[in-house]
Amino acid sequence: MIENIFNSIPLIWPEITLSLTFIVSVIVEMVLGRRGKTSNGMGTGIVVLVGFVLTMLQLPFADSSPRMVFGTMYVIDPFSLFFKYLILASGMVVIVFSMQSAELRKQRSVGEFYCFIAAMTFGLVLMSGSFNLLMIYISIELVSITSYILAGFSKTHKRSGEAALKYVLFGGASSGVMLFGISLFYGLTGAFDLMTIHGALASGAVAHSAMTFAVLIVATIMVTAGFGYKISAVPFHFWTPDVYEGAPITVTAFLSVASKAAGFAVMIRFFYVTFFDSIIDVGRWSSLPYIDWHILIAVLSVLTMTLGNLVAIWQDNLKRMLAYSSIAHAGYIMMGLVVMSDLGLASMLMYFVIYFFMNFGAFFVVMVVADRIGSEHIDDYNGLGKRAPVIAAGLSVFLVSLVGLPPLAGFIGKWMLFTAVIDAQYIWLAVIAVINSAISLYYYARVMRNMYLREPADGDESPIRFSPLVLFITLLFIVPNIVFGVYFGPLVAFAQRSVEIFLR
């Protein structure tokens, strides 16, 4: 055991660097705080940002050949490496965004905010490589506890405290349900690691009677509920709109991209390793052959995308609208989980990268506009096309990409997902997804209509000035949405190389 631990340590230097980043950021914040130099938390933010960059630089040199470390607790493979890149990139973007946020600058201890971002990022990275139900639960709890704090960080806004309280209540409930499901799995199989659980289920020893088979189904549903909570899937989505609206915008963006990606990563690994026989047939549920889980997940995908899009139509707050949009996009991504083939997984990974650029771009524009006009209401965007043409053009690009219209990157992401679904003969699912994309066009176009076709309600047409840095960041997110819409070969190749998941 001791030898295994010492042999495992050199293989997780990125994770070690990330944990040290959190520790150093806490020490820096304590030292600077005593000296009264943390009015804006810039020093702590820079420490965290440097730590993220150093961790990212280690990833290309890390050995990503599939292997388990620390016994059966953690796994290293190309699949987890992909999500580490995505999560760290999200963390760096959130740090930069937060340094530009007027909402956060009003808080007393902004440096603590960056410390919690570092802790949450560490938890998300652990989620991507967890191979044991206990490790999965611990990493999810690390992410959940820090995200509760971050959601309620804006003490000057009453809605932020309300968001944190609702987040804690829903999170605690889902955590308890998931933990009970994990205990049932252990009672049925005598193991926590996914590999041993798969062996027990595939042998048929667990489902030898109607009673144990029923317990297995209940356990699977309970654990799935925990994952559904992290990815905002219906019917586990109730926390999402209120939390997204009440939390600081940078936290909302982080939850909608990084937290959702890590949730999908651990959910994919759980289903792929535990229930699928990838050697015989990737799409065959060898452990639960009597239930068509493809259809059940497909129905969950349809409900998620449909509810998200339909409810988004009625939203007047742009953050709340993007929250329901995020729920809808979780439904789109779940289509790849229905297929669970190499094409399906690659399409999911590719969509995550594209979603990173279009969703972070949209939230950044919402943040900087709210800092200037003091509102997130859609009607207050009237005339923005004249008053801030670059920012309005950027938001238009991000929204059109979220719809999935050519020639932007969002079209390629959805095209890959639809191709995987059609290739697996789920034509009806692809048709429903296309209809939902058409529905989403309505509420996205509503924002663009206000920006370009309506005059400001107060008649103020004076230009809204933004710093060159804000305009530069906006352009940085516009470019990938355009480039990946016409030149996506390297992105596809990267996603295809990353679908290798450690099995057994």
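Looking at segment 115-125, can you tell me whether even one residue there is touching a Gly at 6+ places or on another chain (Cβ under 6 Å) and at pLDDT 90 or above? Give the steps one after another, and end with the answer.
Keep residues of segment 115-125 that are touching a Gly at 6+ places or on another chain (Cβ under 6 Å), which gives 121.
Among the residues that remain, those that are also at pLDDT 90 or above are: 121.
Yes, segment 115-125 contains at least one residue that is touching a Gly at 6+ places or on another chain (Cβ under 6 Å) and at pLDDT 90 or above.
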Please state which of the following conditions Val218 fails to meet, knowing it meets all the rest: (1) touching a Gly at 6+ places or on another chain (Cβ under 8 Å); (2) among the aliphatic types (A, V, I, L, M); (3) free of Cβ contacts under 8 Å to residues at least 24 places away in the same chain; (4) under 23 Å from Gly263 (Cβ atoms). (3)
I'm checking my understanding of the structure. Among residues of segment 174-211 that are part of a loop (DSSP other than H, G, I, E, B) and of a type in the set (Gly, Ala, Ser), which one is nearest to the chain's Cα centre (by Cα)? Ala191
Test: residue in segment 288-306 that is assigned to a strand (DSSP E or B), under 22 Å from His237 (Cβ atoms) and modelled with pLDDT of 85 or more: no
Tell me, please, whether a residue that is more than 19 Å from the chain's Cα centre (by Cα), assigned to a helix (DSSP H, G or I) and surrounded by fewer than 23 Cβ atoms within 10 Å (Cβ to Cβ) can be found in segment 313-331. no
Of Leu476, Leu441, Leu469, the only residue that is at pLDDT 90 or above and under 26 Å from Ala265 (Cβ atoms) is Leu476
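Residue-wise test of (1) surrounded by 16 or more Cβ atoms within 10 Å (Cβ to Cβ); (2) out of contact with any Lys or Arg (no Cβ under 9 Å at 6 or more places or on another chain); (3) among the small types (Gly, Ala, Ser).
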{"residue": "Asn7", "(1), (2), (3)": "no, yes, no"}
{"residue": "Ile27", "(1), (2), (3)": "no, yes, no"}
{"residue": "Thr55", "(1), (2), (3)": "yes, no, no"}
{"residue": "Arg67", "(1), (2), (3)": "no, yes, no"}
{"residue": "Leu104", "(1), (2), (3)": "yes, yes, no"}
Test: Ser498 is modelled with pLDDT of 90 or more and either closer than 30 Å to Ser98 by Cβ or surrounded by 17 or more Cβ atoms within 10 Å (Cβ to Cβ) (or both): no
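Going by what's in this entry, would Phe411 be described as within 20 Å of the chain's Cα centre (by Cα), part of a helix (DSSP H, G or I) and surrounded by fewer than 24 Cβ atoms within 10 Å (Cβ to Cβ)?
Numbers: within 20 Å of the chain's Cα centre (by Cα): yes; part of a helix (DSSP H, G or I): yes; surrounded by fewer than 24 Cβ atoms within 10 Å (Cβ to Cβ): yes.
Yes: the conditions hold for Phe411.
Return a yes/no flag: does segment 155-168 have any residue that is aliphatic (A, V, I, L, M), assigned to a helix (DSSP H, G or I) and closer than 20 Å to Ala262 by Cα.
yes
Residues to consider are Phe227, Phe236; find the one that is assigned to a loop (DSSP other than H, G, I, E, B) and within 30 Å of Val366 (Cβ to Cβ). Let's see the steps before the verdict.
On the way: Phe227 fails: assigned to a loop (DSSP other than H, G, I, E, B).
Criteria check complete, one pass: Phe236.
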Just name the residue that is farthest from Leu18 (Cα to Cα) out of those in segment 129-160 that are buried (at least 24 other Cβ atoms within 10 Å of the Cβ) and under 17 Å from the mean Cα position of the chain (by Cα). Ala151
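Between Phe357, Phe363, Phe398, which is crowded, with 23+ Cβ neighbours inside 10 Å, in contact with a Lys or Arg (Cβ under 9 Å, 6 or more places away or on another chain), within 30 Å of Leu104 (Cβ to Cβ) and among the hydrophobic types (A, V, I, L, M, F, W, C)? Can you show your working first?
On the way: Phe357 fails: in contact with a Lys or Arg (Cβ under 9 Å, 6 or more places away or on another chain); Phe398 fails: in contact with a Lys or Arg (Cβ under 9 Å, 6 or more places away or on another chain).
Exactly one of Phe357, Phe363, Phe398 is crowded, with 23+ Cβ neighbours inside 10 Å, in contact with a Lys or Arg (Cβ under 9 Å, 6 or more places away or on another chain), within 30 Å of Leu104 (Cβ to Cβ) and among the hydrophobic types (A, V, I, L, M, F, W, C), namely Phe363.
Residue-wise test of (1) of a type in the set (A, V, I, L, M); (2) in contact (Cβ under 8 Å) with a residue 40 or more places away in the chain.
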site	(1), (2)
Phe116	no, no
Thr121	no, yes
Met127	yes, yes
Leu134	yes, yes
Ile140	yes, yes
Arg159	no, yes
Gly176	no, no
Leu194	yes, yes
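Determine, yes or no, whether Leu201 is surrounded by fewer than 24 Cβ atoms within 10 Å (Cβ to Cβ), among the hydrophobic types (A, V, I, L, M, F, W, C) and modelled with pLDDT of 85 or more.
On the way: surrounded by fewer than 24 Cβ atoms within 10 Å (Cβ to Cβ): yes; among the hydrophobic types (A, V, I, L, M, F, W, C): yes; modelled with pLDDT of 85 or more: no.
For Leu201, the condition - surrounded by fewer than 24 Cβ atoms within 10 Å (Cβ to Cβ), among the hydrophobic types (A, V, I, L, M, F, W, C) and modelled with pLDDT of 85 or more - is not met.
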Would you list the helices (runs of 4 or more DSSP H) that sit entirely within segment 1-80 and hold 2 or more residues that are at pLDDT 85 or above? 13-34, 42-58
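Within segment 366-382, how many residues are part of a helix (DSSP H, G or I) and either surrounded by fewer than 21 Cβ atoms within 10 Å (Cβ to Cβ) or modelled with pLDDT of 95 or more (or both)?
At the first step, the residues of segment 366-382 found to be part of a helix (DSSP H, G or I) are 366-373, 378-381.
Those left that are additionally either surrounded by fewer than 21 Cβ atoms within 10 Å (Cβ to Cβ) or modelled with pLDDT of 95 or more (or both): 370-373, 378-380.
Looking only at that region, the number is 7.
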Among the numbered conditions (1) free of Cβ contacts under 8 Å to residues at least 40 places away in the same chain; (2) among the hydroxyl-bearing types (Ser, Thr, Tyr); (3) under 17 Å from Phe356 (Cα atoms), tell me where Ser375 comes up short. (3)
Failed condition for Ser462, given (1) at pLDDT below 90; (2) of a type in the set (S, T, N, Q); (3) assigned to a helix (DSSP H, G or I): (3)
Does Leu491 meet the test of being of a type outside the set (D, E, K, R) and either outside any helix (DSSP H, G or I) or within 22 Å of the chain's Cα centre (by Cα) (or both)? yes
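The values are calculated or read from the model by the stated rules, or taken from the named source; none is laboratory data. All of these numbers come straight from a predicted model, not from anything done at the bench. Glycine gets a Cβ as well: all are built from the backbone with ideal geometry, and neighbour counts include every protein chain shown.
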